[in-house]
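The values are calculated or read from the model by the stated rules, or taken from the named source; none is laboratory data. Predicted model only: the values in this text are computed from it and were never measured. Neighbour counts are summed over all protein chains in view; Cβ atoms, including those assigned to glycine, are modelled from backbone coordinates with ideal geometry.
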Amino acid sequence: LKEIKKNNKNLTVFIMTAYGTRDVVVQALRGHADDFIEKPFNIEDLEEKIDNVLKRNLNLNKNATNKDYKVARIKNFIRRNYKEMNLDIIAGEMNLNPKYISRMFKEMTGTSYQDFHIDTKMDAAKSLLENTSFNVDEISYQLGYQNPESFMRIFKRKNNITPTEYREKHS
């Protein structure tokens, strides 16, 4: 782990283990892990740890601009709230103008916040298809889609395969 971190300075490493002893925690952190989480854990705890590491890394990086920090916060907010998301919600959370957010996000990432939001939903969809037995309609509703057909159309456009075909291929 030390060599990997040495060659990839921006890499963030979380150690996840079912062994929650003090020795394991100390060993993980001495091994240059950024944080430690004990199994079983809930997704909110993991998201909080990711958010904390992201903030810590951005504060340590003296070259990180204000825009970098804002975009990182926006990405993290979208990842945590992808079900019901729009530009006005992001703007309210970040205390920024929606048009400013849209321009800044595109300028800094090369993609629109809408595309990032959809890609985030598609990643969640893939995970649900691979790891649960929920049907496609249930998954579409869990992702915040009001209409399963919209979800299926977007999934196919982004992945060149239907959700059902994806599940069959990755099960």
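Results, tabulated for the structure shown:
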quantity: Filtered residue count, the range 135-167, keeping only those that are surrounded by fewer than 18 Cβ atoms within 10 Å (Cβ to Cβ), outside any loop (DSSP other than H, G, I, E, B) and in contact (Cβ under 8 Å) with a residue 40 or more places away in the chain; calculated: 2
quantity: Close pairs from the range 51-78: first at negative phi and modelled with pLDDT under 85, partner among the hydroxyl-bearing types (Ser, Thr, Tyr) and not in a helix (DSSP H, G or I), Cβ under 6 Å, at least 6 apart; calculated: Val53/Thr12
quantity: Tally, over the range 63-95, of residues that are crowded, with 17+ Cβ neighbours inside 10 Å, more than 16 Å from Lys106 (Cβ to Cβ) and among the hydrophobic types (A, V, I, L, M, F, W, C); calculated: 1
quantity: Unique residue being over 17 Å from Glu84 (Cα atoms) and small (Gly, Ala, Ser) when the list is Ser140, Ser127; calculated: Ser127
quantity: Complete set of residues in the range 113-134 that are loosely packed, with under 13 Cβ neighbours inside 10 Å and among the polar types (S, T, N, Q); calculated: Ser127, Asn131, Thr132, Ser133
quantity: Qualifying residue in the range 91-98 (condition: under 19 Å from the mean Cα position of the chain (by Cα), touching a residue at least 24 places away in the same chain (Cβ under 8 Å) and within 21 Å of Glu44 (Cα to Cα)); calculated: yes
quantity: Checklist (1) at pLDDT below 85; (2) closer than 27 Å to Glu107 by Cα; (3) in contact with a Lys or Arg (Cβ under 9 Å, 6 or more places away or on another chain) applied to Gly31, failing item; calculated: (2)
quantity: Sole exception among (1) part of a helix (DSSP H, G or I); (2) among the aliphatic types (A, V, I, L, M); (3) within 25 Å of Phe14 (Cβ to Cβ) for Met85, by number; calculated: (1)
